[in-house]
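**Student:** Mind looking over this structure? Questions follow.
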Amino acid sequence: MSKAGVFLTAVALDLALGDPPSALHPTAWVGRALAAVERPARRLGPAGQLAFGAACAVLLPAGLWVGVRALLRTAWRRSALSAFALEAALLKSAFAVRSLLAEALAVRRLLVAGDVERARARVRSLVSRDTAALDERLLVSAAVESLAENVTDAFLAPWLAYLLFGVEGAVAYRAVNTLDSMWGYHGEYEYLGKAGARLDDGLNLIPARLGAAALAGACALWTGRGRRAWATSLQQHRRTESPNAGWTMAAMAGGLGVELEKPGHYRLGSPERRLEPDVIREAARIVATAGIVAAGAVALTAARWRRDAGEAA
């Protein structure tokens, strides 16, 4: 059965059902495995933590790659239909569009209702910063930043990994991304997470730039500011510490005509309009449109490659 068919089925599963329960989610399994080894790993010195983190960054995705490939080969030998379903389910576990949009829109609803405290708690699950003192403007900014940055992490990068390397590539990418999200911070994780963070940066170099282009295209449709989105991305992406996050966040800021800010770290865009809750809905619409375009491009490319391979045979 076709790669495009598996991909479209996985996208349909995501849109219809969202994420599976954590007990059935491979990404949650990776997170629990990392949590189990974190405490003994942090007892090591800097050199030991660096080596341990590097080993995890290599062995974890490699082990998942081998395991998924073996599982799928076994499934295909038994039943094409069940193997197809397994491929789609595993691919779905590597990305999340519905939950990304839902979490951001939940923040908007809480802010519209005036429940700033609950909005702060909700935003805490989206961004790696202290949200206790954030006002409405900065909560909106954080939600919009999360939407834009996760165009890369949540769906575009795993889709490209699938296109190039199959389901095992997408699952391995998600393992690296999970490692970075858990250990890829300065301070207490400086050495333990360094290898995973650098690997995640490398894997996202191309997807982040493609994500900025996709957002600029979506902004051209919804706000008429596609060129401004792309220009802002080119001009301001270096303002963030991450070599990748600034591309999509700056594109979103330019496309919406707002200033996105992480206090003490960066400002992106320009404050041409207020950051109010409805900006989150506009950003979600832009991300959804970019996702539709990207999904169509992946499906068409997969179908084209299959056709070319058939003709060559």
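Every read-out reported here was derived from the displayed coordinates using simple, explicitly stated rules and does not represent laboratory data. All figures in this text were calculated on a predicted structure; none of them were measured in a lab. Because the Cβ atoms are built from the backbone with ideal geometry, glycine has one as well, and the counts that use them run over all protein chains shown.
**Student:** Where the centre of each part is set by its Cα atoms, how far does segment 46-71 sit from segment 9-30, in angstrom?
**Tutor:** Answer, in whole Å: 22.
**Student:** Another question, if that's okay. Could you order the peptides 123-133, 139-149 from most to least packed, using the average number of other C-beta atoms within 10 Å per residue?
**Tutor:** 139-149, 123-133
**Student:** Straight-line reach only, C-alpha to C-alpha below 29 angstrom: list the lysines that LYS262 could link to, leaving out same-chain residues fewer than 8 apart.
**Tutor:** LYS194
**Student:** Please report the base-10 log of the normalised intensity I(q)/I(0) for segment 1-74, using a Debye sum with one equal scatterer per alpha carbon and no solvent, at each q in 0.28 (1/Å).
**Tutor:** Those come out to -1.24, one per q.
**Student:** Follow-up. Out of all Cα-Cα pairs in segment 78-172, roughly what percent, to the nearest whole number, are more than 15 Å apart?
**Tutor:** Tail fraction, whole percent: 64.
**Student:** Alpha carbons only, please: Rg and Dmax for segment 173-244, in angstrom.
**Tutor:** Just the Cα atoms of segment 173-244 yield Rg and Dmax of 14.9, 44 Å.
**Student:** With a Cα-only, solvent-free Debye model of segment 211-298, what are the log10 I(q)/I(0) values at q = 0.20 Å⁻¹?
**Tutor:** -0.85
**Student:** In percent, how large is the relative contact order of segment 166-242, given Cα pairs closer than 8 Å and 6 or more residues apart?
**Tutor:** Reported as a whole number, the value is 18 percent.
**Student:** Determine which lysines satisfy two conditions relative to LYS92: a Cα distance under 21 Å, and not lying fewer than 8 residues away in the same chain.
**Tutor:** Reachable lysines: LYS3.
**Student:** Defining a contact as two alpha carbons under 8 Å apart and six or more residues distant in sequence, what relative contact order in percent does the chain show?
**Tutor:** 22
**Student:** Can I ask one more? With a bin width of 10 angstrom, please list the P(r) values of segment 111-244 as percents of all Cα-Cα pairs, from the 0 bin to the one holding the largest distance.
**Tutor:** 11, 33, 36, 18, 1
**Student:** Using amide H atoms built in the peptide plane, which far-off residues or other-chain residues are under 5 Å from GLU259 H to H?
**Tutor:** SER270, GLU272, ARG273
**Student:** What three numbers, in Å, describe the spread of the alpha carbons of segment 206-262 along their principal axes, ordered from the longest?
**Tutor:** Principal axes ranked by extent give 29, 24, 15 Å for the Cα atoms.
**Student:** So what's Rg/Rh here for the chain, counting alpha carbon atoms and using the Kirkwood radius for Rh?
**Tutor:** Ratio value, two decimals: 0.98.
**Student:** Related question: Compute, for the chain, the length of the dipole vector about the Cα centre, with Cβ point charges of +1 (Lys, Arg) and -1 (Asp, Glu) only. Units Debye, rounded to 20.
**Tutor:** Value, rounded to 20: 480 debye.
**Student:** Distances longer than 19 Å among the Cα atoms of segment 22-156: what percent of all pairs is that?
**Tutor:** So the portion of pairs separated by more than 19 Å is 66 percent.
**Student:** Can you give the helix-only mean residue ellipticity at 222 nm for the chain, where every DSSP H stretch with n ≥ 4 adds -39500 (n - 2.57) and the sum goes over all residues, rounded to the nearest 500 deg cm²/dmol?
**Tutor:** The helix-only estimate for the chain comes to -25500 deg cm²/dmol at 222 nm.
**Student:** What is the distance in Å between the Cα centres of segment 196-252 and segment 108-164?
**Tutor:** Each part reduced to its Cα centre gives a spacing of 16 Å.
**Student:** If one puts a single equal scatterer on every Cα of segment 150-210 and applies the Debye formula without solvent, what log₁₀ I(q)/I(0) results at q = 0.13, 0.15, 0.18, 0.26 Å⁻¹?
**Tutor:** The calculated log intensity ratios at q = 0.13, 0.15, 0.18, 0.26 Å⁻¹ are -0.32, -0.42, -0.58, -1.02.
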